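Since the structure comes first, as structure tokens, the remarks are kept for the end.
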Amino acid sequence: MKKIALHWQIVIGLVLGIVWALLSSTLGWSQFTIDWIAPFGTIFINLLKLIAVPLVLFSIINGVAGIGDPANLGRMGAKTLLAYLLTTIFAVGLGLLLVNIIKPGELIDQQSRIDNRIAYELWAEGEDLQIKDGINYLHDPKFKERALEITNLTKSELEDATVSEKMQEADKTKGAGPLKPLVDIIPSNIFKSLGDNGLMLQVIFFAIFFGIALLFIPNEKSEPVTKFVDGVMEVFLKMVDLIMKAAPFFVFALLAGVVSTMAGNDVGKVVEIFKGLSWYSLTVALGLMLMILVVYPLFMKLFVKVVPYFDLFKAIGPAQTLAFSTSSSAATLPVTLECVEDNLKVDKKITSFVLPIGATVNMDGTCLYQSVAVVFLAQLHMIDLTLGQQLTIVLTATLASIGSAAVPSAGLVMLIIVLQSVGLNPAWIAIIIPVDRILDMMRTVVNVTGDVTVCSVIAKSEKMMYYDQEEPKEVVES
Ligand code: ASP
């Protein structure tokens, strides 16, 4: 019998996980699923995350050292960052366009929106007071009541949503001065950075610096280091291979856990949660689908040419399904690297430099979602955002997506900063939290697909993509 391809096995695990969760919720077994099945999902994510930091470190050192000439590195680095920035701005633009056309926040009844507006005005007044009196309005009961009504959540579930925890996290990321983000990239102790998955930018900085220094030392000294780094990378990739053998089971556990946590022992609740937020979810989903099915394939067609539409999805299917199940670009990175090297035939020199940076800074799905979410929440509160405010969203969503860690829910935390940048109540994230996990899964697929697309474009422009074996000859002729 022909063996089913891994990504199909993962898809089957995913579907079975959802079916199991719905079944167990109907039969009142949700707690069993959460206690005995869901932990395997966490184990899976931990196993992948465990590899992410060292993989980023070694793969970038390897990539930089492999490029050889510092001038080439500079050119490629500039091209990579520019391409990532352009796709990000494009995604924010698409999000804003869709949310302004569909207006999902205006599709709920007028009276609720008026009430929301009143609550907003009270909050805005409270903001001033907060500055004066130091009162914490984040727990404003009026806001909470509205959030409860809109999302049909019970009070204890809203507490569960741990809005204030997210706010504290976001506060931590808010810088003191304009150059704070730059200062934050330079680690004062690399071992500390290596110990925290959230400090990936520092690891990237160190790896590039290390790689460049490696280029400047005599060959006989650098060679053993390069060989060691290359060997270590192989070991990590092998570890991923081994973990991926069990991926279908792990993905089953992951999905069973996520859906069971949402549904509890009442399947109807999942439907209820989505009903209130369906137009918002659909707008985000539509934007993300457009990116995956139209925008990226179009970029591939225009700039890469050699990869037919369906071959692209076949080639990166395992990375996409994994991104969907884990909601983490960092956890998916090892598989993304493999797919692009083995299936799209991109040279390792390019992948090991472009993809780890992309997984950390390029989040097209996240910024698209953030732009839709902010405008949706404004619409829900009858607030018309001016053109200036929408341009502010372009800027802050771009920066917020760059600053988001490649882990589940990171985009939601950074959304707080985007909301604040246009003077809206950051605690409104509570309204969209109920559907955030599923949208997180979808936007992570876009994040990963965006990295793959940019990587292919860069590889093609550097003549280091061998998907079509004729291609190098053609390029030489031109
Ligand atoms: N989960 C996303 C990622 O890892 C980030 C986000 O929350 O948007 O790519």
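The values are calculated or read from the model by the stated rules, or taken from the named source; none is laboratory data. For clarity, every value in this text was computed on a predicted model and none was experimentally measured. Methodologically, a virtual Cβ is constructed for each residue, glycine included, from the backbone with ideal geometry; neighbour enumeration extends over all protein chains shown. Quick note on the areas: whole protein, heavy atoms, side chains included, nothing else; ligands and nucleic acids left out. Shrake-Rupley method; radii C 1.70, N 1.55, O 1.52, S 1.80 Å.
Let me know the number of lysine pairs in the stretch 211-324 closer than 20 Å at the Cα, not counting same-chain pairs under 8 apart.
4
Sorted by mean Cβ packing within 10 Å, highest first, what order do the peptides 70-83, 354-367 take? Each step should come with its number before you reach the end.
On the way: 70-83: 15.4, 354-367: 29.6.
Packing proxy ranking, top to bottom: 354-367, 70-83.
Compare the peptides 396-403, 380-387 by average per-residue count of other Cβ atoms within 10 angstrom and give them in order, highest first.
On the way: 396-403: 23.6, 380-387: 16.1.
Sorting 396-403, 380-387 by mean packing, highest first, produces 396-403, 380-387.
Distance between the pseudo-spin-label points of Ile185 and Leu27 (7 Å out from Cα toward the beta carbon): 5.3 nm. Rounded to the nearest 500, the helix-only mean residue ellipticity at 222 nm of the chain stands at -25000 deg cm²/dmol, with each DSSP H run of n ≥ 4 adding -39,500 (n - 2.57).
Gain on full extension, evaluated as 0.36 nm per residue between Ala78 and Ala124 minus their Cα-Cα distance, stands at 12.4 nm. Could you let me know the centre-to-centre spacing of the stretch 400-440 and the stretch 225-284, using Cα atoms, in angstrom? Result: 19 Å between the Cα centres. Counting only protein heavy atoms and a 1.4 Å probe, the chain has 45 square angstrom of accessible area per residue.
For the listed peptides 437-449, 182-194, 31-43, a ranking on the average number of other beta carbons within 10 Å per residue, highest first, reads 437-449, 31-43, 182-194.
Quick one: dipole size for the chain, taken about the Cα centre, charges +1 on Lys/Arg Cβ and -1 on Asp/Glu Cβ, in debye to the nearest 20. Don't jump to the answer; show the numbers that get you there.
On the way: 35 positive and 44 negative charges, 142 e Å.
Roughly 680 debye for the chain.
The distance linking the stretch 80-102 with the stretch 285-355 is 18 Å (Cα centroid to Cα centroid, whole angstrom).
When the accessible area of the chain is computed with all protein chains present and a 1.4 Å probe, what percentage of it is carbon and sulfur?
On the way: 14370 of 21410 Å².
Summing carbon and sulfur atoms, their accessible area is 67 percent of the total for the chain.
Would you please give the FRET efficiency between Asp35 and Val294, computed as 1/(1 + (r/R0)^6) with r the Cβ-Cβ distance and R0 = 30 Å, to the nearest 0.05? In this case the efficiency is close to 0.10.
Which helices, taking whole DSSP H runs in the chain, have alpha carbons extending 20 angstrom or more along the helix axis plus mean Kyte-Doolittle at least 0.5?
Numbers: long enough: 6-26 (30 Å, 1.68); 38-67 (43 Å, 1.85); 70-102 (48 Å, 1.39); 110-133 (33 Å, -1.11); 200-215 (23 Å, 2.62); 219-245 (39 Å, 0.16); 247-263 (23 Å, 2.01); 309-326 (25 Å, 0.53); 364-380 (24 Å, 1.13); 387-403 (24 Å, 1.25); 429-461 (44 Å, 1.14).
In the chain, the long hydrophobic H runs are 6-26, 38-67, 70-102, 200-215, 247-263, 309-326, 364-380, 387-403, 429-461.
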